[in-house]
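The values are calculated or read from the model by the stated rules, or taken from the named source; none is laboratory data. Only a predicted model underlies this, so the values are computations on that prediction, with no experimental measurement involved. Note: ideal-geometry Cβ built from the backbone for every residue, glycine included; neighbour counts use all protein chains shown. Calculation scope for accessible area: heavy atoms of the full protein, side chains included, ligands and nucleic acids excluded. Shrake-Rupley method; radii C 1.70, N 1.55, O 1.52, S 1.80 Å.
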Amino acid sequence: MTVLTGRRVTLRSLAVADFPAWQEVRRRNDDWLTPWEPARNPNLPDVVESAEAFAMRCSARERERQLGTGFGFGIFVPEAAASRRADRFCGEINLSSVQRGPFQSAYVGYWIDQGQAGHGYMPEAVVLVARFAFEQVHLHRIQISIIPRNHRSRRVVEKLKLRDEGIAQRYLEINGAWEDHLRYALTVEEWHDRGEELTREWLT
């Protein structure tokens, strides 16, 4: 299991044993997350309500990891400010659709518990994933796509000063509608220029 550790945040693969904590956070944040996610397929088991479906999801993520096509991480933070143990589940971040050949690129997506938003956990997680993508997976480029009105998500990439590549019109079907997305990117050349600065600011 790949474990990425930052200043406060720990990223690791989700396991079947994480289902109760994951389910509690997803249920509590349904209204917070639904506007920014693809609609659930009504013909498939609801992964939020089915432990079996969650286990299948974990297995699928493990297959992606073994094939090198995707790397999914749960985000864990300390239970209390004074604790150094990052054992409270609060969200997910994924490096997905890894493409090799001349592209050498992947997409980063993330979500966080509303109650944990605003503490700087997500920028820290993004820097951890960027370092992993460039220094361990050896990608050339990562991209984050955000609906323009999702100001909280945009704030994450703005804090990190990621490059804005403009709007892709009707880019993804989100919650039943084709939505425009702002595309933000980081290349390995930019990581070589800024990685030490980002690591110092967010991870050490």
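For the reader, a short list of remarks on this structure follows.
- Taking each residue of segment 138-165 that is closer than 17 Å to N94 by Cβ and looking for partners that are in a loop (DSSP other than H, G, I, E, B) and modelled with pLDDT of 95 or more with beta-carbon atoms closer than 7 Å, six or more apart or interchain, yields L139/Q104; R141/Q104; I144/L162.
- Test: residue in segment 28-45 that is within 16 Å of R131 (Cα to Cα) and touching a strand residue (DSSP E or B) at 6+ places or on another chain (Cβ under 7 Å): no
- So G176, is it under 22 Å from L4 (Cα atoms) and either surrounded by fewer than 20 Cβ atoms within 10 Å (Cβ to Cβ) or of a type in the set (S, T, Y) (or both): no
- Cβ-Cβ contacts under 7 Å between residues 6 or more apart (or on different chains), taken from a first residue in segment 106-119 that is within 11 Å of G70 (Cα to Cα) to a second residue that is among the β-branched types (V, I, T) and surrounded by 17 or more Cβ atoms within 10 Å (Cβ to Cβ), are listed as A106/V98; A106/I142; V108/I93; V108/V126; V108/V129; V108/I142; V108/I144.
- Evaluation of R61 against (1) in contact with a Phe, Trp or Tyr (Cβ under 6 Å, 6 or more places away or on another chain); (2) within 26 Å of E124 (Cα to Cα) (one fails), failing number: (1)
- Scope segment 166-191; condition touching a Leu at 6+ places or on another chain (Cβ under 8 Å) and of a type in the set (D, E, K, R); matching residues: E179
- Wholly enclosed strands (runs of 3 or more DSSP E) of segment 1-118 bearing at least 2 residues hydrophobic (A, V, I, L, M, F, W, C) and surrounded by 19 or more Cβ atoms within 10 Å (Cβ to Cβ): 71-78, 86-99, 105-112
- Taking the conditions (1) farther than 18 Å from W36 by Cα; (2) in contact (Cβ under 8 Å) with a residue 60 or more places away in the chain; (3) among the hydroxyl-bearing types (S, T, Y) in turn, T187 satisfies each one other than (2).
- Residue in segment 131-141 that is out of contact with any strand residue (DSSP E or B) (no Cβ under 6 Å at 6 or more places or on another chain) and among the small types (G, A, S) present: no
- Scan of segment 142-169 for residues that are touching a Gly at 6+ places or on another chain (Cβ under 9 Å), assigned to a strand (DSSP E or B) and either modelled with pLDDT under 95 or open to solvent by 10 Å² or more (accessible area, probe 1.4 Å) (or both), ordered by number: S145
- Flag if L203 is in contact with a Leu (Cβ under 6 Å, 6 or more places away or on another chain) and under 23 Å from R7 (Cα atoms): no
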